[in-house]
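I have placed the structure first, in the form of C-alpha cells, so that the comments after it can refer back to it.
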Amino acid sequence: MPGMNVQALKQQAAERAAEFVQAGMIIGLGTGSTAIFATRCIARRIQSGDLRDVLAVPTSLATEAAALELGIPLTTLAEQPRLDITIDGADEVDPDFNLIKGGGGALLREKIVAQATARLVIVVDDSKLVDRLGRTWAVPIEVIPFGWQSQAAYLQSLGAAPVLRQDGDQPYRTDQGNIILDCDFGPIADPAALARDLKSRAGIVEHGLFIGMARDLVVASEDGLRHLRKS
C-alpha cells in the first residue's frame, strides 16, 4: 500500500469491513466518503451471489438513494428494530473508540442506527486517529432552526466556537430539516461529560459525539490494514 492516496486508503478499510457482513444479516449502511465504499462492496457481493438474504437500513437519504441504485434490498427500523452490523466512517477516533461524526450531516440518523446495532464497525484512514477528540475536528451539533442563536450562545458558554454550517449562501439543512452548528471545543478532556451537557439542552436535537458505541475499528495506512476490537 505504499504511496496510496487517502481515497484509496478509505476504500481498503471499507472493503475489509464489508467482509464482516454475512448472509442473512440486517445491516446498517453508513454515510459519507468512506462508508460508500463499503456500500458498493456489499452490492457487488450481493450481485455475485456471494451474499444472500441481507436487508439494509440506510443512515441518510443520500445513502438510501445509492443503495437503491446499487440494488441493495432495504428495510426500516420499524420492520427490523435490531441490526446485526453497521459499517460507517468517522471524523475522529480516540484511543477508547469514542468518535466525532457528522461531517456529512447525517449524525442524527447515524446515531439512531448505531444505537440499534449489535456491532458498530468504524472504518477510517489513520489520519482520523487522535489522542483526544476535538484535536482536529469540530463537533457537529444539530439544532432546530427556531431560536438557534440561543443554542449558539449556550455552546459558547461551554467553551465552543460555534459556526453555522452553510450550503452555498443558505444554512445547510439536514434530512430532518434542521441546521448544524460546527463547534470547535479544542481537545476535549471529558467527551462523556460534554455529551451529557449537550443532551440536556432543549433545542439541541443531537450531537456528533459517539461515546462507547464502536466495537470494531478498521484502520488503513500506508503500512497496511489494522482491525482493532474493543473487549
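The values are calculated or read from the model by the stated rules, or taken from the named source; none is laboratory data. As the structure is a computational prediction, the values presented were derived from the model and not from experiment. Don't worry about glycine lacking a Cβ; one is built from the backbone with ideal geometry, like all the others, and counts go over all protein chains shown.
The residue pairs whose first member lies in the range 214-231 and is under 11 Å from Val123 (Cβ atoms), whose second member is basic (Lys, Arg) and in a loop (DSSP other than H, G, I, E, B), and whose beta carbons are closer than 8 Å, counting only pairs six or more residues apart or on different chains, are Ala214/Lys230; Asp216/Arg119; Asp216/Lys230; Leu217/Lys230.
Residues in the range 68-90 that are surrounded by fewer than 22 Cβ atoms within 10 Å (Cβ to Cβ) and either within 13 Å of the chain's Cα centre (by Cα) or polar (S, T, N, Q) (or both): Thr75, Thr76, Gln80.
For the range 159-167, check the following and say yes or no: at least one residue is in a loop (DSSP other than H, G, I, E, B), modelled with pLDDT of 95 or more and in contact with a strand residue (DSSP E or B) (Cβ under 6 Å, 6 or more places away or on another chain). Checking the range 159-167: at least one residue is in a loop (DSSP other than H, G, I, E, B), modelled with pLDDT of 95 or more and in contact with a strand residue (DSSP E or B) (Cβ under 6 Å, 6 or more places away or on another chain).
Just to be sure I understand, how many residues within the range 34-54 are among the hydroxyl-bearing types (Ser, Thr, Tyr) and closer than 18 Å to Ala65 by Cβ? Number of matching residues: 2. The condition (being touching a residue at least 24 places away in the same chain (Cβ under 8 Å), farther than 19 Å from Ala114 by Cα and buried (at least 17 other Cβ atoms within 10 Å of the Cβ)) is satisfied by just one residue among Ala43, Ala56, Ala18: Ala43.
From the list Asp84, Asp91, the one residue that fits, being over 20 Å from Gly134 (Cβ atoms) and acidic (Asp, Glu), is Asp84.
Within the option set Arg109, Arg119, being buried (at least 21 other Cβ atoms within 10 Å of the Cβ) and within 20 Å of Met213 (Cβ to Cβ) holds for one residue only, Arg109.
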